[in-house]
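These notes concern the structure reproduced below.
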Amino acid sequence: MGIVHDYLTQRGGAERVVLTLAQGFPGAKIYTSCFEPSGTYEEFASLDVTTSAINRIGPIRRDPRRGILLLAPAFATLPVSGDALIVSSSAWAHGIRSEIPRVVYCHSPARWLHQPERYSTGSAGGGRSLGLAARVLSVSIGPSMRRWDRKAMKAADRLVVNSTAVARQVAELYDIEAEVLPPAPALISGGAEQPVVGLDEGFWLTVARLLPYKNVGMILDVARARPQDQFVIVGDGPLREQISRTAPSNVMLLPEATDDELRWMYRTARGLVAPAFEDFGLTPIEAASFGTPTIALRALGHLDTIIDGTTGLFFDELDAPAISAALDDAGTTTFDPAILQAHADRFGAERFINRMQELVREVVSSARR
């Protein structure tokens, strides 16, 4: 049994999903293009991880986006083994070349390829990620890469997606009707907690990688308009320097936080603020498990994970006045922690693992006929 993933160099929702899969398939080998143990969750250090040849190139190992042209060939030549593969892909891993039966779990079709305007630039302080390079690549090699992407995705024996929003994208891009299976939140209440030094309870929390489509720059605008409130941003990424340089004094930026610290923040925050264009978004479910509501952009995956007025509130415009008004509404809305926690329980790990195990058995059985 093997689990294939784009790269293990960061701490995010997709990497949490891989850890859940490893829990459900003990002893499975993990195959990836690059593995930087210091950049991702420490649990991976104890797992059997096999990398591609480009992992030997230090700058690319630390940030695979620097080797964007090498990622497709890396998976085409990565040797894998086992009676089945689960492929966790946001862009590249589904290009693995193998006759082994596979279940592809698509977090999102490749953003740099299909949504370059969101990947390369952001609004209201979003800044740049790959910037001009991403836009040039999407034009110069986009047509050939989209053909590669479509062929690789159609090679899946079963295609599973994390949300109804991604299911619609998959239907449009690949003409495939995918099963929707929301992932399980890996960080839930009940574990150890550690207060963050210098932070008092009652702040607004944002947990997101610092990438343009996450729209974290909007939090800075809201914070400037609400100097009486404290805002905390947990995450790292290409926009870290810009956000750190321009953040007002009532914003605390934490590029890293332990799970114990994150549990404490989820529990003690007034609410989670989520302005991103999320294909699914695990953080509203994680927050709900602590009885904490989410104030989010009404779009894409948030529509699957937030019940308006019950587990959170939406704002419809991506600007500071709309977000600030939603925060005011949250302050006068009563949220029942028991209902929030019950909502989070619907997305539990057992449900996710059981279905993935069923899918693997199905593709293996079909291959043997």
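All of the numbers you see were taken from the coordinates with simple rules; none came from a lab. All figures in this text were calculated on a predicted structure; none of them were measured in a lab. Note that each Cβ is placed from the backbone with ideal geometry, even for glycine, and that neighbours are counted across all protein chains shown.
What FRET efficiency, computed as 1/(1 + (r/R0)^6) with R0 = 45 Å and r the Cβ-Cβ distance, is obtained for ALA325 and ARG369, rounded to the nearest 0.05?
Values: r = 58 Å, r/R0 = 1.29.
Result of the calculation: an efficiency of 0.20.
Give me ILE3, ILE57 sorted ascending by neighbouring Cβ count inside 10 Å, so fewest comes first. If you can, show how the numbers build up before the last one.
Details: ILE3 28, ILE57 14.
Going from least to most buried by this count: ILE57, ILE3.
Which part of segment 321-363 falls in the paramagnetic zone of THR164, meaning amide N under 18 Å from the point 7 Å along Cα-to-beta-carbon?
The answer is 343-344, 346-347, whose backbone nitrogens lie closer than 18 Å to the label point.
Taking 0.36 nm per residue of sequence separation and subtracting the Cα-Cα distance, how much length would be gained by fully extending the chain between LEU303 and GLN194, in nm to one decimal? Write down the numbers at each step before the final one.
Numbers: separation 109, 0.36 × 109 = 39.24 nm, distance 3.12 nm.
Extending this stretch completely gives an extra 36.1 nm.
Could you give the length gained on full extension between ALA171 and THR334, defined as 0.36 nm per residue of separation minus the Cα-Cα distance, in nm? Working shown, then result.
On the way: separation 163, 0.36 × 163 = 58.68 nm, distance 3.85 nm.
That works out to 54.8 nm of additional length.
What number do you get for segment 204-345 when its Cα radius of gyration is normalised by 2.2 N^0.38 Å, N = residues? Each step should come with its number before you reach the end.
Working: Rg = 13.7 Å, N = 142, 2.2 N^0.38 = 14.5 Å.
Taking the Cα Rg and dividing by 2.2 N^0.38 Å, one obtains 0.95.
Which value in deg cm²/dmol, rounded to the nearest 500, describes the helix-derived mean residue ellipticity at 222 nm for the chain, given -39,500 (n - 2.57) per DSSP H run of n ≥ 4 and division by the residue count? Walk me through the intermediate numbers first.
Working: 16 runs with 144 residues, N = 369.
Computed mean residue ellipticity for the chain: -11000 deg cm²/dmol.
When the dipole is taken about the Cα centre of the chain, and only Lys, Arg (+1) and Asp, Glu (-1) are charged at their Cβ, what size is it in debye, to the nearest 20?
Details: 37 positive and 42 negative charges, 319 e Å.
That gives the chain a dipole magnitude of about 1540 debye.
Relative contact order of segment 146-207, please, whole-number percent, based on alpha carbon pairs below 8 angstrom and at least 6 residues apart. Let's see the in-between values first.
Working: 35 pairs, mean separation 16.5, N = 62.
For segment 146-207, the relative contact order is 27 percent.
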